[in-house]
Amino acid sequence: MRTEKRSLCVLALIMMMVLGTAARAAETVKPLSLSDSIDLALKQSVLIHAAQEGVRGAEAQRKEAFTGFLPKFSTAYSYTRLNTDPTFNYPGTSLTLPPPIGSVTIPPSTYQAGTKENYSWSVEAKQPLFAGGGILANYQASRLGVDVARFEETSAVQDLVQEVKIAYFNILKASRILTVAKQSLELLKAHRDTAQAFYDVGVIPKNDLLYAEVELANGQQFLVRAENAVEMAKSKFNTVLRQEINAPVEIEDVLNDRSFEKPLDACIAAALENRPEIRSYALRLEQAKSLVTLARSEYYPNVGVVGNYERYGDTPGVAGSPYRDQENWYVMAVANWNFWEWGKTKNRVDAGLSRENQAADILTNIRDQITLEVKNAFLLLHEAEKQVQVSKKAIEQAEENFRINTERYREQVGTSTDVIDAQTLLTKVRSDHDNALGDYSISRARLERAMGTAVRGETK
């Protein structure tokens, strides 16, 4: 009895472990939605992190440029040791004074004028008052740089969203084609078995059986290629999400042929308004203008105020000495003007104007390229949409054709070639439909990116 109880306990423990493992496995393969996939990619992408670092760096540069408006403070502490105490040599002189003193002669003498040990500590403040607009122009250029970095981050996010969608849809497309390959193989096996039965009773020649077996082998190769396509699509998906390349992937099937109603003109208008690249290059143009203003500021003098406070002494505590005051201070207005540098400032301004013109030309080109990108994506989307509709009807016709030829072969009024041709046609139109459906979703994702409206998931 004790042995039986122990066996039952061990069996129960094993069952609990198996059930627990199965439950954990079920949790592990929980299908990922498209939105969850995008969120995971955005969280783990090194490119997004790099773009965010770019924003932080640009913000730090803006803060640095702002300090140009503020006063600058500095301090200095110095120690000087002389080889001897400083002296003053008096050459002597003769003086004639009123009676009764009369003539007085002062002999030559040497007097001490300082100490060997000299300590000095000073604090200075400088406040710029006028710099020809250079400080403001530099700050504006840096502030625009922050906005440029933010639009570059937005562009990186939209690129990644598109990449995740394409990888996601490629898995679904490959998985559907794998299903078609499995269905095709089952039909080819059924036909081969029927041909084998007919051959065994002498109804068909061996050539018909061999043809069925060759097509079955081709179907197995098609299945292997379809399985590899699924694995490669999953590997790409894991790479985009920065997961382990062989991590198991289960996703929700969201392929659909939901029509896209927005006309081409509206798509182009949306792209010209929303694309972060256009906004980024427009800001670069404004930044180039600010840099021209910065270069022109060198035509003008720089005016500022300097305040200085100094303490002196013959000891480290700068407590003064018998030969010099302990402290002194001054306030000074300063104007600096480099009025002749052999055309240096003019050439710098000319270079800035050329960069401004260059930025304007690049902006125009970006707008043209985005317009072309939107049109191409729009046309490919509607091409895929038409292919989906055509392939739907083709599937119905191919299924009916396969059914008729299969029945004719069973009744021995049709040939094996007719059945296999019908089966090949059915497999092709099913694959074409799944390809078109996947291409439609991918083209829609590309059009959304071209319009600058890529979002986390399908657009409503």
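Condition check ((1) crowded, with 20+ Cβ neighbours inside 10 Å; (2) among the hydrophobic types (A, V, I, L, M, F, W, C); (3) part of a helix (DSSP H, G or I)) across all residues:
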residue	(1), (2), (3)
Phe378	yes, yes, yes
Glu383	no, no, yes
Gln387	no, no, yes
Glu399	no, no, yes
Thr417	no, no, yes
Ala422	yes, yes, yes
Leu426	yes, yes, yes
Arg444	yes, no, yes
Thr453	no, no, no
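Could you pull out the residue among Leu283, Leu272, Leu291 that is surrounded by fewer than 19 Cβ atoms within 10 Å (Cβ to Cβ) and not in a loop (DSSP other than H, G, I, E, B)? Spell out the reasoning first.
Working: Leu283 fails: surrounded by fewer than 19 Cβ atoms within 10 Å (Cβ to Cβ); Leu291 fails: surrounded by fewer than 19 Cβ atoms within 10 Å (Cβ to Cβ).
Being surrounded by fewer than 19 Cβ atoms within 10 Å (Cβ to Cβ) and not in a loop (DSSP other than H, G, I, E, B) holds for just one of Leu283, Leu272, Leu291, which is Leu272.
Looking for something hydrophobic (A, V, I, L, M, F, W, C), out of contact with any Ser or Thr (no Cβ under 6 Å at 6 or more places or on another chain) and at pLDDT 95 or above - is there at least one such residue anywhere in the stretch 304-311? Reasoning before the result, please.
Looking only at the stretch 304-311, we keep the residues that are hydrophobic (A, V, I, L, M, F, W, C), and these are 305-306.
Applying the additional criterion that residues be out of contact with any Ser or Thr (no Cβ under 6 Å at 6 or more places or on another chain) yields 305-306.
Next, from what is left, pick out any that are at pLDDT 95 or above: 305-306.
Looking through the stretch 304-311, at least one residue is hydrophobic (A, V, I, L, M, F, W, C), out of contact with any Ser or Thr (no Cβ under 6 Å at 6 or more places or on another chain) and at pLDDT 95 or above.
Out of everything in the stretch 324-357 that is of a type in the set (Val, Ile, Thr) and part of a helix (DSSP H, G or I), what residue ends up being modelled with the highest pLDDT? Ranking the qualifying residues of the stretch 324-357, first place goes to Val349.
Yes or no, residue by residue, for (1) among the basic types (Lys, Arg); (2) out of contact with any strand residue (DSSP E or B) (no Cβ under 6 Å at 6 or more places or on another chain); (3) not assigned by TED's automatic domain parsing to the domain that holds Glu117:
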residue: Arg311; (1), (2), (3): yes, no, no
residue: Asp314; (1), (2), (3): no, no, no
residue: Leu353; (1), (2), (3): no, yes, yes
residue: Glu385; (1), (2), (3): no, yes, yes
residue: Lys393; (1), (2), (3): yes, yes, yes
residue: Glu400; (1), (2), (3): no, yes, yes
residue: Arg403; (1), (2), (3): yes, yes, yes
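Checked against (1) among the small types (Gly, Ala, Ser); (2) surrounded by 10 or more Cβ atoms within 10 Å (Cβ to Cβ); (3) more than 30 Å from Ser297 (Cβ to Cβ), Gly68 passes all but a single condition, namely (3).
Filter the stretch 60-103 for residues that are part of a loop (DSSP other than H, G, I, E, B) and touching a Lys or Arg at 6+ places or on another chain (Cβ under 8 Å) and give the result. First the steps, then the outcome.
Within the stretch 60-103, the first condition is being part of a loop (DSSP other than H, G, I, E, B), and the residues that meet it are 70-71, 82-86, 91-92, 97-102.
Listed by number, the residues that qualify are Pro71, Leu82, Asn83, Thr84, Asp85.
Does the stretch 224-243 include one or more residues that are at pLDDT below 95 and over 50 Å from the mean Cα position of the chain (by Cα)? Scanning the stretch 224-243, I find no residue that is at pLDDT below 95 and over 50 Å from the mean Cα position of the chain (by Cα), so the answer is no. Identify, please: which residue in the stretch 191-220 is of a type in the set (A, V, I, L, M) and within 52 Å of the chain's Cα centre (by Cα) and is, among those, farthest from Asp439 (Cα to Cα)? My answer is Val214.
Among the numbered conditions (1) surrounded by 17 or more Cβ atoms within 10 Å (Cβ to Cβ); (2) over 26 Å from Asn170 (Cβ atoms); (3) not hydroxyl-bearing (Ser, Thr, Tyr), the only one that Cys267 does not meet is (2). Gln326 meets each of the listed conditions (1) outside the structural domain of Ala271 (by TED's automatic domain parsing); (2) surrounded by fewer than 12 Cβ atoms within 10 Å (Cβ to Cβ) apart from (2).
Checked against the criterion of being touching a Leu at 6+ places or on another chain (Cβ under 8 Å) and over 30 Å from Gln358 (Cα atoms), the candidates Leu255, Leu210, Leu285 yield just one match: Leu255.
The values are calculated or read from the model by the stated rules, or taken from the named source; none is laboratory data. Just so it is clear, the model here is predicted, and its values are computed rather than measured. Virtual Cβ from ideal backbone geometry, glycine too; neighbours counted across all protein chains shown.
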